[in-house]
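Contents: one structure, followed by commentary.
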Amino acid sequence: MLQQATIETTIVWPGEADSVAIRGTFSDDKAQWWQETIPLKRTVSGAQYSATLALRPGRYEFKYVLNGGDWCISTDMYDCASDGDGNTNNVIVVPAKETADSEAKRHPDGYQDKASSLQGEQQK
């Protein structure tokens, strides 16, 4: 079976914390879901934490682990969904490469520039 290529996907935590990590459904092996702790690194500006993962197209659920033990979600940064067991998790969907390439062609300057242009329109 042909495996799909991975797409670099960045997950961000915008808040304050001494340490930030994520756990979720990132592994191909369901037995490993929620087991691996992936640390996020403070960005150069120090304003947020981030990690870039190589993920296959699909839907992933995750939570942040702050300061080594406080599990939480970000309702500002990502969609949320219930996992059926009463837990609410953040959700990220990694599009197929063709979709990601099409999106990049529509917004060649990237999403930050798109957001900046929207801010500029709001200031008019």
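The values are calculated or read from the model by the stated rules, or taken from the named source; none is laboratory data. Small disclaimer: the values here were computed from a predicted structure and weren't measured. Note: accessible area is taken over every heavy atom of the protein model, side chains too, but ligands, DNA and RNA are not part of it. Shrake-Rupley method; radii C 1.70, N 1.55, O 1.52, S 1.80 Å.
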Fill in the blank from the handout: The relative contact order of the stretch 8-54, taking Cα pairs under 8 Å that sit 6 or more residues apart, comes to a percentage of 49
Fill in the blank from the handout: Per the C-alpha gyration tensor (a ≥ b ≥ c, the square roots of its eigenvalues), the stretch 1-58 is rounded if a/c is under 1.5, else prolate if a/b beats b/c, else oblate; here it's oblate
Handout entry: Heavy-atom accessible area order for Cys72, Cys80, largest first, 1.4 Å probe
Key = Cys80, Cys72
Exercise for the section: Could you state how much accessible area Tyr49 has, in square angstrom rounded to the nearest 10, with a 1.4 Å probe and all protein chains kept in place? Expected result: 10
Problem - Heavy-atom accessible area per residue - the stretch 34-82, 1.4 Å, Å² - result: 60
